[in-house]
Amino acid sequence: MILKMLAFLVMLAASAAATNQDWHPAVDSVLLSQIRENSPADLMSVSNGAPVTYCEVNSTLNKPLIRNAFLMDHVTSMDRERTSGRTLHNQGSGAFGYFEVTHDISHICKAKLFDEIGKKTPVAIRFSPAANEKGAPELNRGARGFSVKFYTEEGNLDLPGLNMPMFFSKNPLKFREFVYALRKDPAVYLYNPMGLWDIIISNPEALNMFLLVFGDRGIPKTYRHMPGYNIHTLQVVNEKGENHFVRLHFTPDAGIKHLTSAEAQKVAATDPDFYTRDLYDAIEKGDYPSWTVSIQIASEADVQSHGWCLFDITRVLPINDFPKYPFAKIVLNRNPKNYFAEIEQLAFCPANLVNGILGAPDKVYEARRFAYADAQLYRLGPNFEKIPVNCPLHVTEYSDSYDEPVGSQATQNAGLLKIKEEEPYNLDQAAELYENEMTADERARLHKTVIAMLTPASSSVQQKVIELFTSVHPDLGNTIAQGLNAR
Ligand code: HEM
């Protein structure tokens, strides 16, 4: 047994040596290869490279352990191996691939990643159940993150979005209570489903998004069948300095598909990590998931005619007024080699923008610009942007009098539009979604889900929720009331 373990550890050490870089800042390459040739590369070593004796590996009895460098390496590296998890979207899976321009949108946006049809930009994507703790079954009902990092020639562009085209609130002050309502109750460390009804009752505008969560969208078939939305209306600028306001959609080429609650429970019972496994396996066998990227475009004149509701993130931009133009593809073709290094430490921030993309003028976006980097300073430490997966592809950090980098010639953007945030109103869109966009079958599944979720609630909570659903659509309120009475 001991020999087997030793052989395994030797194999690990050898594979680590094989991945060493071929250069070292302190030594020229000829000397380096001589040292490497003379090094006992097939022996285990401690962190300074010194070989470990057989005795150190196998026996701790009757020895001062503090002097066993091998043991100390083991213990201290394990003690410090974790970073604090994300405060939300803590569970997740990810992969790498490319973004490819298929249609020209350079008349709308001057960002270099869009400047040529056929141009490819590397991307990292992370998918994440919004409220899950690590280790929870991935297939529970809820919104999911769909975050894209573009490693562009002008720096990293991050678009952390969701699989829903709208958000529950347009007020950043509501965000913490929402997150806490979805988490486990701190007193008993159990989920309390009543927290969600509280949020919906005090923020009726949340219903537009939750109709989707309670409907089929709430449990995607796989991440490969899940759409993504940046939600916010981003301000972009072209070479002439003209502004446009855009929403981005990522539509899976495999189709948007879902599981019913019963199907999901069945899968989760045998494979709680089903989404992660499915994504990994598909990429490993060359069945690369892909998404068509489309853009909805509004002009300054559209903002004047439609008003500030174009920036309301609890609403969608109506497709009839703002059609979707497909302009790019995203293909995921590489799995992480090391989940911790490449996915756990991956950090997205809405403030990471590139020339030509100014961000969104709404208040939630403004709050998010600050919140993500603040969270990452805590979760990953002050040098989180130097972690390889977060590093831009081109970075000039250092200047001296011999080799001074010059400032970019890019023209300055005008500032973000100043918008007036109005009280949220989206009942018209929720009604449209329920009546015209959901099929009769989906509506029936939605009723069933809501009735099951509301059954344990007190009758006063049930009554308030029924009133809200009735204000969306009388059929919705009545069917739920009848279903609850029948129980
Ligand atoms: C005031 C509103 C919001 C605040 C304060 C906020 C804050 C945060 C924070 C602190 C994180 C963890 C970041 C990390 O540790 O790396 C996070 C993650 C995330 N948020 Fe938000 N968020 C807000 C709204 C939104 C909205 C509107 C969306 C969708 C458009 C969104 C999508 C995500 C996603 C997808 C992640 C996971 C990113 C990843 O995969 O690493 N959040 N959010």
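Projected over all directions and averaged, the alpha-carbon convex hull of the range 427-486 occupies 3.7 nm². Applying both filters, DSSP loop and at most 16 other Cβ atoms within 10 Å, to the GluC sites (Glu not before Pro) of the range 238-310 gives GLU239, GLU242.
How large is the accessible surface per residue of the chain, computed with a 1.4 Å probe and reported in Å² as a whole number?
Roughly 53 Å² per residue, with all protein chains present.
Entry note: the range 220-295 has Rg to Rh equal to 1.16, where both radii use alpha-carbon atoms and Rh is the Kirkwood radius.
Sorting the Cα pairs of the chain by distance into bins of 20 Å, from 0 upward, gives 20, 49, 25, 7, 0 percent per bin.
In this simple spin-label model, placing a label point 7 Å from the Cα along the Cα-to-Cβ direction at both THR87 and VAL188 gives a separation of 2.7 nm.
Think of the range 309-369 as a dipole: +1 on every Lys or Arg Cβ, -1 on every Asp or Glu Cβ, centred on the Cα centre; then among ASN352, LEU317, PHE340, PHE340 lies furthest on the positive end. Computed from the C-beta positions of HIS103 and ASN38, the FRET efficiency with R₀ = 60 Å rounds to 0.55.
Work out the FRET efficiency for THR270 and CYS55 from their Cβ-Cβ distance, taking R0 = 41 Å, and round it to the nearest 0.05. Mind showing how you got there, number by number?
Numbers: r = 45 Å, r/R0 = 1.10.
For THR270 and CYS55, the calculated efficiency is 0.35.
For the pair ASP115 and TYR280, what calculated FRET efficiency results from E = 1/(1 + (r/R0)^6), where r is the Cβ-Cβ distance and R0 = 35 Å, to the nearest 0.05?
The computed FRET efficiency comes out at 0.55.
When the Kirkwood radius is taken over all Cα pairs of the range 79-169, what Stokes-Einstein diffusion coefficient follows at 10 °C and 1.306 mPa s, in µm²/s? Calculated translational D: 104 µm²/s.
On C-alpha positions alone, give me the angle between the axis of helix 363-380 and the longest principal axis of the chain, in degrees, nearest 10. Taking Cα atoms only, the helix is inclined about 20 degrees.
So if I average 1/r over every pair of distinct C-alpha atoms in the range 226-370 and take the inverse, what Kirkwood radius in Å does that give?
Working: mean 1/r = 0.0556 Å⁻¹.
With all distinct Cα pairs of the range 226-370 included, I get 18.0 Å.
Each residue, SER305 and VAL30, gets one label point 7 Å from its Cα in the Cβ direction; the gap between the two is 7.4 nm.
Candidate cross-link partners of LYS329 among the aspartates and glutamates, defined by an alpha-carbon separation under 12 Å and a same-chain spacing of 8 or more, comprise GLU100, ASP253.
The values are calculated or read from the model by the stated rules, or taken from the named source; none is laboratory data. Small disclaimer: the values here were computed from a predicted structure and weren't measured. As a convention, Cβ positions derive from the backbone with ideal geometry for all residues, glycine included, and neighbour counts pool all protein chains shown. These area figures cover heavy atoms from the full protein model, side chains too; ligands, DNA and RNA do not enter into them. Shrake-Rupley method; radii C 1.70, N 1.55, O 1.52, S 1.80 Å.
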